[in-house]
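Beneath this line is the structure, given in structure tokens, with notes to follow.
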Amino acid sequence: MLPIIPVGDRLRIMLNGEIREIRAVWFEDGMVKLIDQRKLPANIEIFEARDYQKVAYAIKEMVVRGAPAIGITAAYGMAQAWLQKRDIDKVYQTLQNTRPTAHDLFYALNLMKRGIENGKDAVKLAENYANDIIERCRKIGEYGERLIPNNSRILTHCNAGALAVGDWGTATAPIRMAHRHGKKIFVWVDETRPRLQGARLTAWEMVQEGIEHAIIADNAAGFFMRKSEIDMVIVGADRIASNGDVANKIGTYEKAVVAHENGIPFYVAAPISTFDFSLKSGDEIPIEERREEEVLFCRDCRIAPQESHARNPAFDITPAKYITGIITEMGVFKPDGISKLRR
Ligand code: MRU
């Protein structure tokens with residue numbers, strides 16, 4: 001593995017013989033550049049998207065993933081299309097049809113389209129968008145850290161870290177902040193089948209930050225909760241409806257119910273771009289269902305009988321009643337209090 005050292009808010013990586021400070025996604029030389037998250041942790045490769053079709057491919061095929069990072073990638077994709085004098089409506093449509101659940105994608109695309117229609121410099125707009133979202137996540141870290149006592153053992157699901165945002169993360173921002181301020185933290189990392197974002201990506205981030213952690217099989221969290229080895233849960237979100245219901249990675253719902261059963265606080269961390277106030281409840285959130293091969297295979301190895309089929313919903317809905325608080329850049333809210341954020 002190439003050496004990566006977190007410095008300030010950025011990851012530092014050795015790239016083509018040079019040490020570079022990078023984010024999970026950035027815009028350079030007219031290209032949208034991304035850490036190829038399909039290759040981590042074994043390889044650090046940079047994926048270069050030269051046009052909007054490649055940007056759409058990167059989102060759909062999960063070269064980049066995580067709601068805020070998808071939004072930032074789409075914003076850069078729009079900026080690139082503007083520079084290349086493409087048909088902006090067509091680019092907007094193409095990027096919109098990549099993944100249906102994460103609200104950040106639509107939030108970023110609408111913001112960019114409005115800006116371009118109003119004659120704004122789309123590259124500056126996309127850069128500002130990326131910086132703004134990352135700064136909002138840093139603030140999530142500040143508010144969220146106050147909820148974390150010293151010596152906490154925190155469970156997280158999937159990857160809501162720097163890779164899912166650009167930097168800081170959503171669920172991991174409070175954890176990183178607490179760690180940097182000297183609190184002793186232990187993180188339980190759900191492996192997160194079928195794409196293993198926990199085992200591959202969150203664990204990798206924990207290693208870079210030097211945060212003590214252990215990966216557990218997805219079905220092990222209840223066991224550790226019952227044994228009082230988990231003090232709190234912090235997860236990210238892909239979309240949050242007006243009533244506080246949350247769409248997040250498949251398996252989140254189960255963790256919330258078991259946390260509730262065991263009296264363990266369950267927090268969701270997300271910036272404003274993830275909130276969809278046009279939806280009354282989580283029942284209205286479109287849930288992506290991905291290819292069955294993601295379940296039937298582990299990497300290139302088929303793990304199921306040739307005759308078997310699979311179902312592969314990528315997200316589930318956690319009802320607001322199971323959520324202790326939603327950590328945002330504007331503070332921590334009870335799910336029934338998020339309407340204040342609308343203003
Ligand atoms: O399918 P992914 O990897 O894009 O899904 C991402 C998640 O569901 C994350 O868990 C996350 O909480 C939302 S992004 C901060």
**Report entry** Paired Rg and Dmax values of the chain, which use every Cα atom, in angstrom
**Finding:** 19.0, 59
Query - For the chain, built as a Gaussian network whose Cα springs stay under 10 Å, the top-fluctuating residue of Q306, Q84, Q208 - result: Q306
Report summary line: Output for the range 143-342 (equivalent-ellipsoid semi-axes, sqrt of 5λ from the C-alpha gyration tensor, Å, descending) is 25, 22, 15
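To check you understand DSSP bridge types, tell me what percent of the beta bridges within the chain (both residues inside) are antiparallel, rounded to 5.
Details: 29 of 49 bridges.
The answer is about 60 percent antiparallel.
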Report summary line: Going residue by residue through the range 328-343, the Karplus relation 6.51 cos²θ - 1.76 cosθ + 1.60 with θ = phi - 60° gives ³J(HN,Hα) values, rounded to whole Hz and with x marking Gly or Pro, of 10, 6, 10, x, 9, 10, 5, x, 7, x, 6, 4, 4, 6, 4, 5
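Calculated FRET efficiency, H309 and N97, Cβ-Cβ r, R0 22 Å, to nearest 0.05?
Numbers: r = 25 Å, r/R0 = 1.14.
After rounding to 0.05, the efficiency reads 0.30.
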**Report entry** Kirkwood Rh in Å, taken over all unlike Cα pairs in the range 4-135
**Finding:** 14.8
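Under the 0.36 nm per residue contour assumption, what length would be gained going from the current alpha-carbon distance of E261 and S228 to full extension?
On the way: separation 33, 0.36 × 33 = 11.88 nm, distance 1.21 nm.
Between E261 and S228, full extension yields 10.7 nm more.
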Query raised in the report: For the range 102-115, in order, what is each residue's ³J(HN,Hα) by Karplus, 6.51 cos²θ - 1.76 cosθ + 1.60 with θ = phi - 60°, in whole Hz (x at glycine and Pro)?
Result: 5, 5, 4, 4, 6, 4, 5, 5, 5, 4, 5, 5, 4, x
Requested in this report: Between P100, P319, P305, find the one with the highest GNM mean-square fluctuation for the chain; connect C-alpha pairs within less than 10 Å.
Outcome: P305
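Tell me the relative contact order for the range 4-135 as a rounded percent, counting alpha carbon contacts under 8 Å between residues six or more apart. Kindly include the intermediate steps, with their values, before the conclusion.
Values: 187 pairs, mean separation 25.0, N = 132.
Worked out over the range 4-135, it gives 19 percent.
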Query - Whole-Å distance, taken between Cα centres, linking the range 100-179 and the range 307-337 - result: 16
Query raised in the report: Which whole-number percentage describes the relative contact order of the chain, with Cα contacts under 8 Å and a sequence gap of 6 or more?
Result: 15
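Mind checking the full-extension length gain between C301 and N151? Use 0.36 nm per residue of separation minus the Cα-Cα distance, one decimal, nm. Don't skip to the end; give the middle numbers.
On the way: separation 150, 0.36 × 150 = 54.00 nm, distance 3.96 nm.
Answer, rounded to one decimal: 50.0 nm.
Could you work out the helix-only [θ] at 222 nm for the chain, with each DSSP H run of four or more residues adding -39,500 (n - 2.57) and the total divided by the number of residues, to the nearest 500 deg cm²/dmol?
Working: 11 runs with 114 residues, N = 343.
So the helix-based figure for the chain works out to -10000 deg cm²/dmol.
I want the antiparallel fraction of DSSP beta bridges within the range 143-342, as a percent rounded to 5. Walk me through the intermediate numbers first.
Numbers: 12 of 32 bridges.
Bridges in the range 143-342 are about 40 percent antiparallel.
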Query raised in the report: Most mobile of E21, E191, E329 per a Gaussian network model of the chain (Cα springs, under 10 Å)?
Result: E21
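Only the coordinates and a few stated rules stand behind these numbers; no lab work does. As the structure is a prediction and not an experimental result, all values here were calculated from the model. Cβ sites come from the backbone with ideal geometry, for glycine too, and all protein chains shown count toward neighbours.
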